[in-house]
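What follows is a short report on a single structure.
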Amino acid sequence: MIGDVKRLAKETLKTSVGKCGLAIIIFYVCALVVTALDSVILQAVESKTVSVFFYLLGMIAYIYILLGMSSFFLKLAKGEDASVSELFKPKENFLKYLVIDVVVIVVSYLCTIIIDNLLFKAISTSITPNTIVNSKEFLKIMATSTIAFIPGMFLSILFSQVKFIFLENPDLSIIDLVKQGIAKIKGYKFKYLLLLLSFIGWFLLIAIIGILFSRNILLGRIAGVVLTIFLTFYLVPYIVLSQAYFYNAISNDEDSKVEETSKENK
């Protein structure tokens, strides 16, 4: 399944690379504008209440544009006419999706913080401020941080299909969206994790190139430009398209199972 999903994503990207790159650029620009406005407002306003309000407003805007980008790539994956204006099109019943997304983000964050604190306290008894952290202690700390992210990663995978279900069925209630999202990914969580992990090699390569060229200012800038172009016009669209095709694949598989069951019942 993963091989087929990534192959389809590559084929679509070949014919729509300009459109995909433009969508990613617009998303980047919007995200930067939202972040910059948040930063300016937070510095200019003394009231914490007002600052929090504008921070939350910025987060909502970010989630809205991110959902629009998912809509754009889902339409591409379905062979429909997709326009970059999809990023800004009004999303019917957006508030329902926002509630789910915010709850997942908050719960994931709290789980990560709680587990990280508990695990760090368990290993910090042998580490004092004057202790030189050796390789063994360093590995313990790294393992603790990695384990702390597992609950958040699990929740992210568990609700990964909700955005696509919402885009196709905006009239569903919050409860139904959550139920269908969990049911959709049931039996495919490990495959979805493998799909995400299959892109790690690209990010490691980018990190290595960045480290190798960082010592020379000119080469570092050239490498930065090349890597930005690569990320914008290939890797990021490739990943998001793969996620959309994965949703299509499990939906088609689900439909096939329903048809087989109905035939057997007849």
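Among the listed pairs LYS163/LYS186; LYS75/LYS184; LYS89/LYS191; LYS78/LYS163; LYS14/LYS78; LYS6/LYS75, which are separated by more than 22 Å between their Cα atoms? Before the final figure, lay out each step's value.
Working: LYS163/LYS186 16 Å; LYS75/LYS184 19 Å; LYS89/LYS191 32 Å; LYS78/LYS163 15 Å; LYS14/LYS78 15 Å; LYS6/LYS75 16 Å.
Listed pairs above 22 Å: LYS89/LYS191.
The loop-placed chymotrypsin sites (Phe, Trp or Tyr not before Pro) in segment 16-92, going by DSSP, that have at most 13 neighbouring Cβ atoms within 10 Å of their Cβ come out as PHE88.
On full extension of the chain, what length is gained from TRP202 through LEU219, given 0.36 nm per residue of separation minus the C-alpha to C-alpha distance? Mind showing how you got there, number by number?
On the way: separation 17, 0.36 × 17 = 6.12 nm, distance 1.99 nm.
Difference between extended and current length: 4.1 nm.
For ILE209 and PHE94 in the same chain, what is the full-extension length gain: residue separation times 0.36 nm, less their Cα-Cα distance, in nm? Working shown, then result.
Working: separation 115, 0.36 × 115 = 41.40 nm, distance 4.01 nm.
Extra length available between ILE209 and PHE94 comes to 37.4 nm.
Note that segment 13-29 has calculated 3J(HN,Hα) couplings of 5, 4, 8, 10, 4, x, 5, 5, x, 5, 4, 5, 4, 4, 4, 4, 4 Hz, one per residue in order, obtained from phi through the Karplus relation 6.51 cos²θ - 1.76 cosθ + 1.60 (θ = phi - 60°); glycine and proline are x. Between GLU46 and ASN248, the simple spin-label model (points 7 angstrom out along Cα→Cβ) gives 5.7 nm. Converting phi to 3J(HN,Hα) with the Karplus coefficients 6.51, -1.76 and 1.60 and the offset θ = phi - 60°, segment 221-235 yields 5, 4, 4, x, 5, 4, 5, 5, 4, 4, 5, 5, 9, 10, 5 Hz in sequence order, with x at every glycine or proline.
Computed from the coordinates by the stated procedures, all read-outs in this text should not be read as laboratory data. Since the model is a prediction, treat every value here as computed from it, not as a measurement. When we count neighbours, we look across all protein chains shown, and the Cβ atoms used for this are built from the backbone with ideal geometry, even at glycine.
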